[in-house]
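S.K.: Have a look at this one.
Every number here is computed from the coordinates shown, using simple stated rules; none is lab data. As the structure is a computational prediction, the values presented were derived from the model and not from experiment. All Cβ positions, even for glycine, are placed from backbone atoms using ideal geometry, and neighbour counts span all protein chains on display.
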C-alpha cells in the first residue's frame, strides 16, 4: 500500500503541473489577448492566484506522498 501511495504522489504532481499548464495556456492567455477589458480580471485571477494555489497544493501533496509522510506505521 505504501508503494501505491508513492506512485499516486507522482500522479498528483503530474496532474498539478498539467492543471497549471491548462489553466494558463487554455484559459488565461486567450483572455489576456482579448481586447475586452472585462476579460482582464479573470486572466489575472487565473494566472496569479489560482494557478500557484493549484500547482503548489498538488505538488506539496504529491511530494509528501513520495517522501512517505502518509505511510502507515
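S.K.: How tilted is helix 51-67 with respect to the longest principal axis of the chain? Cα atoms for both, answer in degrees (0 to 90, nearest 10).
M.R.: Between helix and principal axis, roughly 10 degrees.
S.K.: Same structure, new question: Set the Förster distance to 22 Å, then compute FRET efficiency between residue 49 and residue 14 from the Cβ-Cβ distance, nearest 0.05.
M.R.: 0.50
S.K.: Additional query: As I understand it, the value is the acute angle between the Cα axis of helix 2-22 and the longest principal axis of the Cα atoms of the chain; what does it come to in degrees, rounded to 10?
M.R.: In the chain, helix 2-22 runs at an angle near 10 degrees to the longest axis.
S.K.: Same structure, new question: Taking the Cβ-Cβ separation of residue 69 and residue 29 as r and a Förster radius of 25 Å, what is the calculated FRET efficiency to the nearest 0.05?
M.R.: In this case the efficiency is close to 0.10.
S.K.: May I pose another question? Computed from these coordinates, which is volume of the Cα convex hull per residue in Å³: [x] 63; [y] 119; [z] 81?
M.R.: Checked against the structure: label [x].
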